[in-house]
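J.: So that we are looking at the same thing, I have put the structure below in structure tokens.
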Amino acid sequence: MDLTSYAEWAVRLANDPDPPPELRHLRDELAAVFDAAGDERAVAGLLNALLVRYPVRPQLSDHDGHAWHLHLAEDPAATAVMGLAAVVAELGVDRLGRCREPHCGLAFLDTSSNRSRRYCSARCASRANVAAFRARRRNGS
């Protein structure tokens, strides 16, 4: 079971400025995980607490003509937490990040092959590169 799509749901929720009321607390909890991304033990502790609070209920499904396979029960909180925990377990804490563009700070998952992602989007990367270029020109470099 590939849980990356569930982890991406966690990122979207952590970045949502106006989530549904029932998910606001979870949004803040997921944001705290991304805020702690430089500290492996802190991330693990936060995710372990969330896994207890939002238990996962797997179910067998054979929808749309597919063979039997596992799905996580339709609990958005549990699926988001499980997906994020799976990414950390399989790929490492350094795959969680906050955009380094000074005016952004959105959460992201680094799925690059060389773990080099620093921005949430191409737009923020471009904005940061243009700002750095302009700063170098001002400083005569």
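J.: Give me the net charge for the shell around residue 46: Cβ to Cβ below 14 angstrom, other residues only, Lys and Arg +1, Asp and Glu -1.
T.: -2
J.: Still on this structure: Counting only heavy atoms of the protein chains, get the accessible area per residue of the chain (1.4 Å probe) and round it to a whole Å² value.
T.: With all protein chains present, the chain gives 62 Å² per residue.
J.: A further question follows. Hey, what angle do you get for helix 122-138 against the long axis of the chain, alpha-carbon based, 0 to 90 degrees rounded to 10?
T.: Taking Cα atoms only, the helix is inclined about 20 degrees.
J.: While we're looking at this one, here's another question. Given bins 10 angstrom wide, list per bin the percent of all Cα-Cα distances in the chain, short to long.
T.: 11, 36, 29, 16, 5, 2, 0
J.: Answer rounded, prolate or oblate for the stretch 47-126, using the Cα gyration tensor with square roots of eigenvalues a ≥ b ≥ c: rounded when a/c is under 1.5, else prolate when a/b is larger than b/c, else oblate.
T.: prolate
J.: Using a Förster distance of 41 angstrom, determine the FRET efficiency expected from the C-beta separation of residue 134 and residue 91, and round it to 0.05.
T.: Rounded to the nearest 0.05, the efficiency is 0.75.
J.: Roll a 1.4 angstrom probe over the protein heavy atoms and tell me the percent of accessible area of the chain that is carbon or sulfur.
T.: 52
J.: Using only alpha carbon pairs under 8 Å that are at least six residues apart, calculate the relative contact order of the stretch 24-141 and give it in whole percent.
T.: Reported relative contact order: 19 percent.
J.: Tell me the angle of helix 76-91 to the major Cα principal axis of the chain, expressed in degrees between 0 and 90 and rounded to the nearest ten.
T.: 60
J.: How big, on average over all directions, is the shadow cast by the Cα convex hull of the stretch 79-141, in nm²?
T.: Over every viewing direction, the Cα hull of the stretch 79-141 projects on average to 5.3 nm².
J.: Rounded to the nearest 10 degrees, what's the angle between the helix 40-53 long axis and the longest principal axis of the chain, both from Cα atoms, 0 to 90?
T.: 30
J.: Does the stretch 1-68 come out rounded, prolate or oblate, given a ≥ b ≥ c as the square roots of the eigenvalues of its C-alpha gyration tensor, rounded meaning a/c under 1.5 and, failing that, prolate meaning a/b above b/c?
T.: prolate
The values are calculated or read from the model by the stated rules, or taken from the named source; none is laboratory data. No experiment lies behind these values; they were computed from the predicted model shown. Ideal geometry is used to build each Cβ from the backbone, glycine not excepted, and the neighbour counts take in all protein chains shown. Remember, those area values only see protein heavy atoms, side chains included, never the ligands or the DNA or RNA. Shrake-Rupley method; radii C 1.70, N 1.55, O 1.52, S 1.80 Å.
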